[in-house]
1. Just wondering, is there one or more residues in segment 60-78 that are under 30 Å from A274 (Cα atoms) and acidic (D, E)?
2. Can A254 be described as in a helix (DSSP H, G or I) and at pLDDT below 95?
3. Restricting the first residue to segment 256-280 and requiring it to be among the small types (G, A, S), which pairs with a second residue that is surrounded by 12 or more Cβ atoms within 10 Å (Cβ to Cβ) and assigned to a helix (DSSP H, G or I) meet a Cβ separation below 6 Å and a spacing of at least six or different chains?
4. Quickly run through segment 219-239 and pick out the residues that are part of a helix (DSSP H, G or I) and under 20 Å from A254 (Cβ atoms).
5. Give the residue that is surrounded by the fewest Cβ atoms within 10 Å (Cβ to Cβ), with candidates limited to residues of segment 176-204 that are in a helix (DSSP H, G or I) and under 12 Å from the mean Cα position of the chain (by Cα).
6. For segment 127-160, what are the residues that are closer than 18 Å to A217 by Cβ and not in a helix (DSSP H, G or I)?
7. Which pairs turn up if I take residues in segment 94-109 that are over 16 Å from K75 (Cβ atoms) and look for partners that are of a type in the set (F, W, Y) and in a strand (DSSP E or B) with beta carbon separation below 9 Å, at least 6 apart in sequence or on another chain?
8. Give me the pairs, please: first residue somewhere in segment 161-172 and assigned by TED's automatic domain parsing to the domain that holds E149 and assigned to a strand (DSSP E or B), second residue anywhere and surrounded by 14 or more Cβ atoms within 10 Å (Cβ to Cβ) and acidic (D, E), beta-carbon distance under 8 Å, and either six or more positions apart or on two chains.
Amino acid sequence: MRPMQPLTIGFIGGGNMAGAIIGGLRAAGVEASSLRVVEPFEAQRRRLREQFGIEALAEPDASLESVNVLVWAVKPQQFAEAAQVLRERSPRSAEALQLSIMAGVRCRAIAARSGAARVVRTMPNTPALIGRGVTGLYANPACGAAERELAERVLGATGQLAWVDAEQQLDAVTAVSGSGPAYVFYVLEAMTAAGVRLGLPEATAGRLALGTIAGAAALAESSPLSAGQLREQVTSKGGTTAAALEVLTARDVAGAFDQALQAAARRAGELADALDATES
């Protein structure tokens, strides 16, 4: 990542994901004095001050009027109230790029509540907490190349970034990567439990399953081959892997994944619709 130019960033909400972004920015060389966060819980404010040396406020104040980027990191249900307080106490903060990591709050709602024109909505996932996340981003029509670059500078240290062309595609991003870590953990649990039923100690089964998933992911990341090609390399005709895959195919596990992701994407849209309804 290239060295950052002077940049000031405000955070509304100081939870785990905000902390991951702040940690990435500090590691990338952003000065603590360039960052400030509004967090109502004293214990969390103290943790942010001690861990990152940044200014942590209980409520918004005029200092947020000078930020270049304002990151919305509150729970979706808290957004309307937080935005109203911010507009009352820091009205010029609407001039900053609004960068949302909130699930289900659409750009038009963010623009209407914040009074801002330029909005980038994102969907990160939890591996961002260790700098290995993948985040989908959508910029509303008021944004140009400069706003996209700002968003990338803020989120780049959390992992990989992927832009989408339509806001609706963030529902698919939510289904694939936003909720995706849970699918991997589900498989990890299932492989571990199966190993125990086959006679392995739980710690051994867990270590084997976790190491296999991590190693396979690293191989897929570094290889020019597709996932299907890598799978075929492991699968000898009439062998053990083939026997296992025959069971998965008979149970239509691929079809179940398709249905699962369809359900996740549909639910993401429903939650956004419900939040939109409260704006009307």
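The values are calculated or read from the model by the stated rules, or taken from the named source; none is laboratory data. Keep in mind it's a predicted model, so treat the numbers as computed, not measured. Because the Cβ atoms are built from the backbone with ideal geometry, glycine has one as well, and the counts that use them run over all protein chains shown.
1. Pass one, segment 60-78, residues under 30 Å from A274 (Cα atoms): 60, 64, 69-78.
With acidic (D, E) added as a condition, the list becomes none.
No; the residues of segment 60-78 include none that is under 30 Å from A274 (Cα atoms) and acidic (D, E).
2. no
3. Sorted first by the residue in segment 256-280, then by its partner, the pairs are A264/A175; A265/D171; A265/A172; A265/A175; A268/D171; A268/T174; G269/D171.
4. Those that are part of a helix (DSSP H, G or I) and under 20 Å from A254 (Cβ atoms): A220, A227, G228, Q229, L230, R231, E232, Q233, V234.
5. P181
6. G131, R132, G133, V134, T135, G159, Q160
7. Q98/W72; L99/W72; C107/Y138
8. Listed by first residue and then by second, the contacts come to L161/E152.
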